[in-house]
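I have placed the structure first, in the form of structure tokens, so that the comments after it can refer back to it.
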Amino acid sequence: AVCSGGFNLMAAANELSVASCWYRFTGRLGEVVKVDKTMCALADEVIEADRKDHDGECASIENAHTPVAEAIELLEAKGQRIRQLKADGADEAEVLEAVAQTSMVKEHYEAAMLAHLRPLEERVLELVRAGVGKKDRDMKAREAEATRIRNFLPASRKKSVEEEFRKAKKSAQAANNEAFNAKRHTEGLRVQRKIHHLLTSQGHRESFFYHPALNTARHELREGDAVWLSEKWDGTTVQATNKGVFKRRDLLERGSAKKFETLSEEERYDVGLVNWDEPANVHIRRATERWMERFRALEDGLCVYFEAIGDEIGGRFKGLDGNGSSGGSDADGGSGGGGGKFHDIRVFDFSREGEGFLPWEETVALAKSYGFPLAHAESAVLSLRGLVESLETGQRRYHDIDAPLEGYVVRLRVDASTRLADGGPIAKIRADDIPKIRWGG
């Protein structure tokens, strides 16, 4: 309900729009006595003041224009008034009148609210199409704002808008999933091998323990061997070629006794393209996105294997931000990505079609050549006691990140002229394994 010429008091204060004038004036001086589509009646003193200078013609509410921010401010104020009336035990008729006024205002601003809502909803759909999950900060903020704006719509319109958006989200996700082929570019791709434990073991689940003896029959490493001890990273194992980024999938259930049997890679693992539209892969995407161009630059037939790491992947990096590194990594590129939460990769293997996995020395050279961050490694003489002493306190930290070390990958170290099949003997040991070693029998 807005007088076409505006009120003198407000117009003199600043050149506000007609609707803004109505909102500010009535909010200060009067209460709406009656409102309909074309006429308004304010408190008598307001009408009398206005009639002195204006012809009394009232503009239609629909034709008024107010910025969305002011509309939100008005609606929030009216909502607060309704809550206060209820809290004060006001007469039911007074509460209903306040509700009716709020509904009228919502109807008036419906078009403006919808215009403000649509870009918010489209941004949410873009994030869904990009595989961003519900926990993402940007997603949560956009969803919250969109929900807030819908609450300012008339009740019937709000319900239909919510249903339309729900269907749009579901449709976008379904279409992307249907078009995705996880097996594309996987023909001939070598899945990341199973790295066996350094120690022999016995039992299953509650009865499981390690013997303080090297499992040489399985991995061929012996006490006193010259080895590389590379840091084992607590993340998600991922691999990439110039055709895409891939992730292995364990075909055995968690805790299955078959994991302790001798199975081929094909029997134990499957491998497929990472679907970036899947919300579950959002953290892998964040860890890998800055390296995508270098993945695409890989030579044909070459595959790089790495751990995707971050504050939302595993528990060791919680609380680290983008500058959580205490120094550069072994290859160009550093870590973290700067700003925000910590996310990155650490390369630990390469394979080449027709050759299999490559020796550690060649992995180091390739990582440096492509500028990938490499898992730090040190040369050593294999000593079970030495490894246990290094890991048992749990105080060992990563070389370039302020987080507790998960463990070591142990590889046989040979001279450059020696070419070992599939990269040579390899095994692993974790800090968490040390308490499970049963000494003295």
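The order of the peptides 342-350, 379-387 by mean Cβ neighbours within 10 Å, most packed first, is 342-350, 379-387. Between the listed residues S207, T237, S156, the Cα displaced farthest toward the positive end of the dipole of the stretch 124-237, a dipole computed from Cβ unit charges relative to the Cα centre, is found at S156. Counting Lys +1, Arg +1, Asp -1, Glu -1, what net charge surrounds A416 among other residues with beta carbon under 10 Å of its beta carbon? Local net charge: -2.
Can you pull the one-decimal nm distance between simple spin-label points at S160 and E97, each 7 Å off the Cα toward Cβ? Computed distance between label sites S160 and E97 equals 3.1 nm.
Across the accessible surface of the stretch 399-439, with the other protein chains kept in place and a 1.4 Å probe, carbon and sulfur atoms take up 49 percent.
The values are calculated or read from the model by the stated rules, or taken from the named source; none is laboratory data. What you are looking at is a predicted structure, and each value in this text was computed from that prediction instead of being measured. Reconstructed Cβ throughout: ideal geometry from the backbone, glycine too, with neighbour counts over all protein chains shown. Protein only, heavy atoms only, side chains kept; ligands, DNA and RNA dropped before computing areas. Shrake-Rupley method; radii C 1.70, N 1.55, O 1.52, S 1.80 Å.
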